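The structure appears right after this line, and notes come after that.
The values are calculated or read from the model by the stated rules, or taken from the named source; none is laboratory data. Just so it is clear, the structure is predicted and the values come from calculations on it, not from any experiment. Cβ placement follows ideal geometry from the backbone for every residue including glycine, while neighbour counts extend to all protein chains displayed. Note: areas computed on protein heavy atoms with side chains; ligands, DNA, RNA excluded. Shrake-Rupley method; radii C 1.70, N 1.55, O 1.52, S 1.80 Å.
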Amino acid sequence: LFHWFIVVTVRYGGMPLALGLLAPLLPGFWVAQFSALFVALWVTAAKRPGAIVWGACAWVAVDWLRGWFLGGFPWATLGYALHQDLPLLGWTRWGGVYILSFLASGIGLALGRVVLRMLPSSTSDPGAEATSSGAAHGSPGITRSLVAIGITLVLAHGLGGLLAAEDPEDASLVRIGAIQGNIDQGEKWDADRRERILEAYVRLSDRAAEQGAGWIVWPETALPGSLEWDPELRERVASLARRHAVVLVVGGMGVEFEPGGESPSAYFDSAFVVDQEGGIRARYDKTQLVPFGEFVPLRGLLGRVFQSLARGLAPTDVTPGAAPYAVEVPAPADAGGAFRVGIPICYELIFPDLVRRFVSDGAGVLLAVTNDAWYGRTGAPHQFLAMTALRSAETGRFTVRAANTGISAIIDGRGRVRERTALFEEAVVVADVPVSRKLDSTFYARFGDVFAGGCILLALAGLVRSRSLAG
């Protein structure tokens, strides 16, 4: 899962190769602690009745804990392994990605027991119920288990397909373009390349406008400067919006000033909404920052050893926004009025509860902006796209994903990637996207991790019961 840490730390972090080769071990070690925690929980209750269901609940509890503990790192938790099993994605409207973790771990535990029962003699799993007489003695139990697993899979896929989202009937179609500028991470903040970077985004935006886009989305930190602090840059962007009468959603550096101050006192990873007249209509600030990427945790202790990687964005740590919320984006002229839109920024997309709050605040579509150039040509951009697709399945909202070097994509409300670009090439993706004006959304978008919370309670209750019986 984490081989790409080598690219991040060596190519862009300046770490010596010898140390960079060890970089994937750190996130791997961290995630391994949660896997070990599950194993420790499983052996306490594996022999009890209902152990498979309890084990699946315990896995969900551990998955949820990994996404919350010390700020959380829920990258590629187990449920994402099923991201292409489209019939199952309907369940995420109710339980989020955690319900997929429940299904995957439950089926995995059940199959594991079947395999262990087939061995001549097995004592490696306390719940295997193996006997010295071997597989022949246990064959009726094996058959029953396989039938139960098959029925569970059929029912899960059938019901999941029935639960899948349909395009909202009340939605208005908005033609939206996602711009992929393909700017090398090493060049993004080079002052000598500023004009070339801006020219590339303007040229690609012209192409999107020619294809009829009413909204045009640029990736995270696409602007080579501060839209609020640099009047020349602001006018270049405003003139583009006015020339085509389009709305621009652009990633850039947000700033704040102390009263009477001439230089920014705080820097933000932001997304700006620029209306058809060229005015800055709204700004959303990223709330979930990347540890050691955009800020150094425990800076007083670790700041002498570590520096954040996003040094071009801010001379110091990036400041987090207050909370995720939907912003108003003017509708194209033929639609009238305005829509509420969520603009999750990069790392925020791996946190399901955070993204669902955009929709619970009324967002009728998600305009996701990210910069995946850090990962190079590794599996990380593909992993990240899969996680982004689950956010659409959970909320029932289309996602338009604009990524600096790819993968940019159009994802429908079922979690299906309808269009996508290749990595490391200039590209424009334009599509008619349904944008809902109503507040109706999925159960998960309205209420969050209720399913995961139920699994946590059941896991704790089973753990207490097993302890009491053992006592």
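Considering only region 142-157, state which residues are of a type outside the set (S, T, N, Q) and either exposed (fewer than 11 other Cβ atoms within 10 Å of the Cβ) or more than 30 Å from Lys438 (Cβ to Cβ) (or both). Explain how you work it out, then say what you get.
Step one: of region 142-157, the residues of a type outside the set (S, T, N, Q) are 142, 144, 146-151, 153-157.
Within region 142-157, Ile142, Arg144, Leu146, Val147, Ala148, Ile149, Gly150, Ile151, Leu153, Val154, Leu155 qualify.
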| remark: Picking from Ile183, Ile197, the residue that is assigned to a helix (DSSP H, G or I), over 27 Å from Ala331 (Cβ atoms), hydrophobic (A, V, I, L, M, F, W, C) and out of contact with any strand residue (DSSP E or B) (no Cβ under 9 Å at 6 or more places or on another chain) would be Ile197
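Could you please give the count of residues in region 246-273 that are of a type in the set (A, V, I, L, M) and on the phi > 0 side of the Ramachandran plot?
Narrowing region 246-273 to residues of a type in the set (A, V, I, L, M): 246-250, 253, 255, 266, 271, 273.
Okay, now just the ones that are also on the phi > 0 side of the Ramachandran plot, so none.
So the count comes out to 0.
Say we look at region 218-267 and pick out the residues that are acidic (Asp, Glu) and not in a loop (DSSP other than H, G, I, E, B); which of these is surrounded by the most Cβ atoms within 10 Å (Cβ to Cβ)?
Here is the first cut: in region 218-267, the ones acidic (Asp, Glu) are 220, 228, 230, 232, 235, 256, 258, 262.
Remaining after also requiring not in a loop (DSSP other than H, G, I, E, B): 232, 235, 256.
Details: Glu232: 7, Glu235: 11, Glu256: 13.
Ranking the qualifying residues of region 218-267, first place goes to Glu256.
Please go through region 7-16 and give me each residue that is closer than 15 Å to Tyr375 by Cβ and open to solvent by 50 Å² or more (accessible area, probe 1.4 Å), ordered by number.
Taking region 7-16 first, the residues closer than 15 Å to Tyr375 by Cβ are 7-13.
The answer is Arg11, and nothing else.
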| Can you tell me which residues in region 357-373 are in a loop (DSSP other than H, G, I, E, B) and free of Cβ contacts under 8 Å to residues at least 60 places away in the same chain? | Asp361, Ala363, Asp372
| Pick from Leu309, Leu289: which is within 23 Å of Gly67 (Cβ to Cβ) and at pLDDT 80 or above? | Leu289
| remark: Considering residues that are without any contact (Cβ under 8 Å) to a residue 60 or more places away in the chain and assigned to a helix (DSSP H, G or I), the number found within region 336-356 is 2
| request: For region 325-363, enumerate the residues that are open to solvent by 20 Å² or more (accessible area, probe 1.4 Å) and touching a helix residue (DSSP H, G or I) at 6+ places or on another chain (Cβ under 8 Å). | output: Tyr325, Arg356, Ser360
| field | Qualifying helices (runs of 4 or more DSSP H) (wholly inside region 17-107; at least 3 residues being among the aliphatic types (A, V, I, L, M), open to solvent by 20 Å² or more (accessible area, probe 1.4 Å) and at pLDDT below 95) | value | 17-20, 25-45
| field | Tabulated pairs, region 187-206, first aliphatic (A, V, I, L, M), second open to solvent by less than 80 Å² (accessible area, probe 1.4 Å), C-beta under 6 angstrom, 6+ apart or interchain | value | Ile197/Ile183; Ile197/Pro224; Leu198/Pro224; Ala200/Gly181; Val202/Leu240; Leu204/Ile179; Leu204/Val428
| If only one of Ala128, Ala156, Ala136 is over 30 Å from Leu366 (Cβ atoms) and either modelled with pLDDT of 75 or more or assigned to a loop (DSSP other than H, G, I, E, B) (or both), which one is it? | Ala128
| query | How about region 405-430: which of its residues are open to solvent by 10 Å² or more (accessible area, probe 1.4 Å) and either closer than 20 Å to Arg340 by Cβ or not aliphatic (A, V, I, L, M) (or both)? | reply | Arg414, Arg416, Arg418, Glu419, Arg420, Thr421, Phe424, Glu425, Glu426
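Quick check on Asp412: is it within 19 Å of Cys57 (Cα to Cα), within 18 Å of the chain's Cα centre (by Cα) and among the acidic types (Asp, Glu)?
no
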| Has region 189-198 got at least one residue that is modelled with pLDDT under 95, among the charged types (D, E, K, R), over 17 Å from Ala368 (Cα atoms) and under 26 Å from the mean Cα position of the chain (by Cα)? | no
